[in-house]
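What follows is a structure written as C-alpha cells; I'll ask about it next.
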Amino acid sequence: MNLFLMFSPINIIIFFLWGVSAFVDYNYFCYLWQLKEYRMDRMRDFMSTQKGKDFWRNYIMLWRSLFACFLFLWPINSVVIVKYFVIIIFGFELIRNLIQLVRRKLRHPVFTKKSTLIIMAAMLVEGLLFVYSRDWPMIFLLMSVRFFVITMTVLLLYLPTNLIKKWFIKKATKKLAGYNELTVIGITGSYGKSTVKSFLSNILSGKFRVIKTPKNINTEIGVAKFILSNNFRNKDIFVVEMGAYRVGEIKLICDMVKPKIGILTAITEQHVSLFGSIKMTQQAKYELLRSLPENGLAVVNSDNKYCREFLDELKCKKATFGVEEVYQPDFLIKKVDNSPGGIIFAGSMYGKDVNTVAPVVGMHNAKNIAPCYLTADFLGMPIEESINQSKKLLLPDNVLSVIKYGEAIVLDDSYNSNYDGFCAGLDVLSDYLDKKRIVVTRGIPELGNSSHEIHIKIGGEIAYIADELIIIDKDNAAALIEGAGSKFNMNIKFIEQPKELLELIKSYKNTSSVILLENRVPDSVMKEINSI
C-alpha cells in the first residue's frame with residue numbers, strides 16, 4: 001500500500017516538477033560558482049558588488065523564498081491540499097522556466113565532471129532531506145535554501161578536489177623533471193601576460209622549438225593538466241603564463257615547472273579586492289622572480305615601481321625594460337609610432353640601437369616586445385633574428401583584434417581587464433578620426449576600494465576620445481558616467497539586456513563606425529560580430 005501511494009500519479013507529477021525546478025536552479029547557482037572558479041574569495045567579492053546585491057533581491061533568492069517560507073510555516077493540516085499547492089507552485093516555475101528558455105535567459109555551467117557532480121550532489125541532498133523529514137511542507141523550505149545547499153556542496157568538495165589537484169601537480173612535477181634540457185620561462189603580471197607569451201613564443205620559434213600554455217591556462221591545476229597531456233621530448237622552451245588571486249599560487253606553479261627565466265610585466269590594482277592590497281599583489285607576483293636559480297634571468301618592467309622595488313634582493317641576473325630613461329633600463333624604448341601596418345619603434349638594448357616593425361596595433365605593444373628581445377638575447381638568439389621574427393607577430397584573440405564588421409570596424413579587446421590596457425585600447429580608437437567612435441564596456445572587475453576612482457578616470461578618458469559610450473553593467477555605471485560628465489557632449493547609453501545590446505550593435509553594421517569592446521561582452525554579440 002505504501003509503495004502504491006509512493007508511486008501514485010500525483011506523487012509522480014510532483015517528483016517530475018520538482019526535478020525540473022531543482023535542476024534549473026542548481027544549474028544557475030553552479031554557473032555562478034563556476035564563473036568564480038568555485039572560489040569563496042571571488043564569490044565573496046561578487047556579493048559585494050551591485051550585481052551581487054541584485055542577486056539577493058531577485059525572484060529566486062528573495063520573493064520565491066519568502067513565499068516558500070510562508071507556505072512552510074502556514075499550518076495546513078491536509079496533505080492533499082499541500083500537494084496541490086506544490087503542484088501549483090512547481091507548475092508556475094515550469095512555465096517561468098520555459099519562458100526563460102525561449103528567451104535564452106536560462107543560465108547553466110559548462111558541463112564538466114566537477115559541475116555535473118556538484119549539481120547531482122545538491123539535488124540528491126535536497127531529495128534526501130525531504131525524504132528524511134517525511135513532511136510535505138518541507139519541500140517549500142528546501143526551495144528557499146537551494147543556493148546554500150549548493151554552496152555547502154562546493155565547500156564539501158573542496159577537500160577531495162584539493163587532494164586531486166595535489167595529485168595532478170605531483171605527477172606533472174615528476175614528468176617535467178625528466179626533461180633536463182627543457183628551459184622553462186614563466187610570465188606573470190597584472191596585465192600583458194598573454195600578449196607577451198604569444199610574442200615571446202613567436203620570436204623564440206625562429207631559433208628554438210617552443211611550446212606554450214594555451215590562452216586561458218595560467219593556474220596550477222591548468223598548467224599541471226597541460227603538462228600531463230603534452231609531449232615535451234622534442235621541445236627546447238616551455239613558456240608558462242602564471243596567474244594568481246592570492247599569495248602562494250604562483251609559487252605552487254614555480255615549484256612544479258622550475259622556471260629559469262621569469263618575466264614580470266607590471267603590478268597594478270587589478271584583482272586587489274582579492275589580494276587585499278597592492279603590496280600583497282606585489283608579494284604574489286614576486287614569487288616568480290624569487291624562484292629563479294642563480295644562473296637564471298629576471299626580466300622586469302622598470303617603469304613600474306612595484307616591479308623594480310625588490311630587484312636588488314634577487315640573486316639571479318636582472319634585465320629591465322621601459323620608457324623612463326631615469327631608471328636606466330637595459331632595453332630603453334625611445335620612440336613608438338603607429339603605421340598602417342602596425343607599430344614602428346626605436347630603442348636601445350644594452351646600448352645598441354634597435355629598430356622594430358611589428359604588424360600589431362597599439363603603441364603599448366612596444367613594452368610587450370621589449371622583454372621578449374631581452375629573453376631571446378639571454379638564450380643566445382641574435383637581436384637581428386628577433387627583429388626579423390617580430391614581422392610575424394600576432395596578437396592573441398580578443399586582444400585589440402581588428403575585425404571588419406560590415407562597413408564598421410570592431411576593436412575586440414574583450415580579454416582585457418585592467419586600466420592600462422583600457423587606455424591602450426582608447427589610444428588605438430583615437431586613431432580613427434574619420435569615423436564615429438563607440439566604446440562598449442562593463443568596466444573593470446575586482447578593483448576593490450580603488451574601483452570608483454579608477455572608473456571615474458576611465459570615464460574621463462572615454463569622454464575625451466569617444467563619441468558614444470555604451471555601459472553594459474550597473475556595477476561601474478555611476479562612476480563611468482561621473483567621470484565622463486558632460487565635457488564633450490558624448491552620448492551615454494546604459495544597456496544591460498544582451499538582446500537589446502545585440503540589436504544596437506547590428507544597427508552600426510552599415511555605418512562608418514569603429515566599436516571598441518573593453519572587457520567581456522555577451523556571447524550573442526561576439527557571435528554576431530564574428531559571423532561576418
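Could you please find all residues in region 315-338 being closer than 21 Å to K258 by Cα and either at pLDDT 95 or above or crowded, with 20+ Cβ neighbours inside 10 Å (or both)? Give the steps one after another, and end with the answer.
To start, the set of residues in region 315-338 that are closer than 21 Å to K258 by Cα comprises 315-319.
C316, K317, K318, A319 - these are the residues of region 315-338 that are closer than 21 Å to K258 by Cα and either at pLDDT 95 or above or crowded, with 20+ Cβ neighbours inside 10 Å (or both).
Another question about this same structure. Quick one: count up the residues across region 449-504 that are closer than 30 Å to S277 by Cα, outside any helix (DSSP H, G or I) and among the small types (G, A, S). Lay out the reasoning, then the answer.
Just the residues of region 449-504 that are closer than 30 Å to S277 by Cα, to begin with: 449-463, 471-485.
Now restrict to residues that are outside any helix (DSSP H, G or I): 471-473, 485.
Checking the rest, the ones that are also among the small types (G, A, S) come to 485.
Number of matching residues: 1.
Please find, within region 223-249, the residue that is surrounded by the most Cβ atoms within 10 Å (Cβ to Cβ) out of those that are closer than 24 Å to S302 by Cβ and modelled with pLDDT of 95 or more.
If we filter region 223-249 for residues that are closer than 24 Å to S302 by Cβ, which is where we start, we get 239-244, 247.
Then keep just the ones that are modelled with pLDDT of 95 or more; that gives 239-242.
On the way: V239: 23, V240: 25, E241: 26, M242: 29.
Taking the candidates together, the pick is M242.
If N416 satisfies all but one of (1) under 26 Å from P329 (Cβ atoms); (2) surrounded by fewer than 21 Cβ atoms within 10 Å (Cβ to Cβ); (3) in the same structural domain as L517 (by TED's automatic domain parsing), what's the number of the condition it fails?
All conditions are met except number (2).
Looking only at region 29-78, filter to residues that are of a type in the set (K, R) and in a helix (DSSP H, G or I); which one of those is surrounded by the fewest Cβ atoms within 10 Å (Cβ to Cβ)? Please lay out each step first, then the result.
Of the residues in region 29-78, the ones of a type in the set (K, R) are 36, 39, 42, 44, 51, 53, 57, 64.
Those left that are additionally in a helix (DSSP H, G or I): 42, 44, 51, 53, 57, 64.
Details: R42: 19, R44: 13, K51: 15, K53: 12, R57: 9, R64: 21.
Step by step, filter region 29-78, then rank; the result is R57.
Step by step: first the residues of region 148-182, then only those that are crowded, with 17+ Cβ neighbours inside 10 Å and closer than 30 Å to N301 by Cβ, then the one that is nearest to the chain's Cα centre (by Cα). Which residue is that?
Looking at the filtered set, the residue picked out is I169.
Go through (1) farther than 21 Å from K436 by Cβ; (2) modelled with pLDDT under 95; (3) not β-branched (V, I, T) one by one and return the number of the condition Y373 breaks.
Checking Y373 against (1) farther than 21 Å from K436 by Cβ; (2) modelled with pLDDT under 95; (3) not β-branched (V, I, T), the one that fails is (2).
Taking region 505-523, which residues are free of Cβ contacts under 8 Å to residues at least 60 places away in the same chain and either surrounded by 13 or more Cβ atoms within 10 Å (Cβ to Cβ) or outside any helix (DSSP H, G or I) (or both)? Outline the logic, then answer.
Of the residues in region 505-523, the ones free of Cβ contacts under 8 Å to residues at least 60 places away in the same chain are 506-507, 522-523.
Selection gives K506, P522.
Residue check, K457 against (1) more than 28 Å from the chain's Cα centre (by Cα); (2) at pLDDT below 95, all met but one. Which one?
(1)
For (1) within 24 Å of R44 (Cβ to Cβ); (2) in contact with a strand residue (DSSP E or B) (Cβ under 6 Å, 6 or more places away or on another chain); (3) touching a residue at least 24 places away in the same chain (Cβ under 8 Å); (4) not in a loop (DSSP other than H, G, I, E, B), each residue gets a yes or a no:
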residue: S115; (1), (2), (3), (4): yes, no, yes, yes
residue: M123; (1), (2), (3), (4): no, no, yes, yes
residue: L128; (1), (2), (3), (4): no, no, no, yes
residue: F147; (1), (2), (3), (4): yes, no, yes, yes
residue: I150; (1), (2), (3), (4): yes, no, yes, yes
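Still on this model: Among the small types (G, A, S) and either outside the structural domain of S302 (by TED's automatic domain parsing) or part of a loop (DSSP other than H, G, I, E, B) (or both) - does that describe any residue in region 366-381? Reasoning before the result, please.
If we filter region 366-381 for residues that are among the small types (G, A, S), which is where we start, we get 366, 370, 376, 380.
The next check asks that each one be either outside the structural domain of S302 (by TED's automatic domain parsing) or part of a loop (DSSP other than H, G, I, E, B) (or both); those that pass are 380.
Looking for residues that are among the small types (G, A, S) and either outside the structural domain of S302 (by TED's automatic domain parsing) or part of a loop (DSSP other than H, G, I, E, B) (or both), one finds at least one in region 366-381, hence yes.
What number of residues in region 466-489 are within 15 Å of E518 (Cβ to Cβ), over 24 Å from the mean Cα position of the chain (by Cα) and either of a type in the set (G, A, S) or buried (at least 19 other Cβ atoms within 10 Å of the Cβ) (or both)? Don't jump to the end; show me each part of the working.
As a first pass, look at region 466-489 and keep what is within 15 Å of E518 (Cβ to Cβ): 466, 468-473, 475-477, 479-480, 483-484.
Keeping just the survivors that are over 24 Å from the mean Cα position of the chain (by Cα) gives 466, 468, 483-484.
From the residues that got through so far, the ones that are either of a type in the set (G, A, S) or buried (at least 19 other Cβ atoms within 10 Å of the Cβ) (or both) too are 466, 483-484.
So the answer is 3.
Please go through region 183-222 and pick out each residue that is modelled with pLDDT of 95 or more, in a loop (DSSP other than H, G, I, E, B) and buried (at least 19 other Cβ atoms within 10 Å of the Cβ).
Residue satisfying the conditions is T213 alone.
While we're on this one: Which pairs have Cβ atoms under 6 Å, sit 6 or more apart or on different chains, and link a residue in region 198-214 that is farther than 14 Å from V240 by Cα and in contact (Cβ under 8 Å) with a residue 40 or more places away in the chain to one that is outside any loop (DSSP other than H, G, I, E, B) and of a type in the set (D, E, K, R)?
G206/E385
If you don't mind, there's one more thing I want to ask. Tell me yes or no: at least one residue of region 157-164 is in contact (Cβ under 8 Å) with a residue 40 or more places away in the chain, under 25 Å from W63 (Cβ atoms) and either not aromatic (F, W, Y) or not in a helix (DSSP H, G or I) (or both).
No; the residues of region 157-164 include none that is in contact (Cβ under 8 Å) with a residue 40 or more places away in the chain, under 25 Å from W63 (Cβ atoms) and either not aromatic (F, W, Y) or not in a helix (DSSP H, G or I) (or both).
What are the pairs with Cβ atoms under 6 angstrom where one residue, in region 306-329, is closer than 24 Å to S277 by Cβ and the other, located anywhere, is crowded, with 18+ Cβ neighbours inside 10 Å and among the β-branched types (V, I, T)? Sequence gap at least six, or different chains.
Between residues of region 306-329 that are closer than 24 Å to S277 by Cβ and residues that are crowded, with 18+ Cβ neighbours inside 10 Å and among the β-branched types (V, I, T), the close pairs are Y306/I267; C307/I267; C307/V300.
The values are calculated or read from the model by the stated rules, or taken from the named source; none is laboratory data. Quantities reported herein were computed from a predicted structural model and do not represent experimental measurements. Every residue, glycine among them, receives a Cβ derived from its backbone with ideal geometry; neighbour counts consider all protein chains shown.
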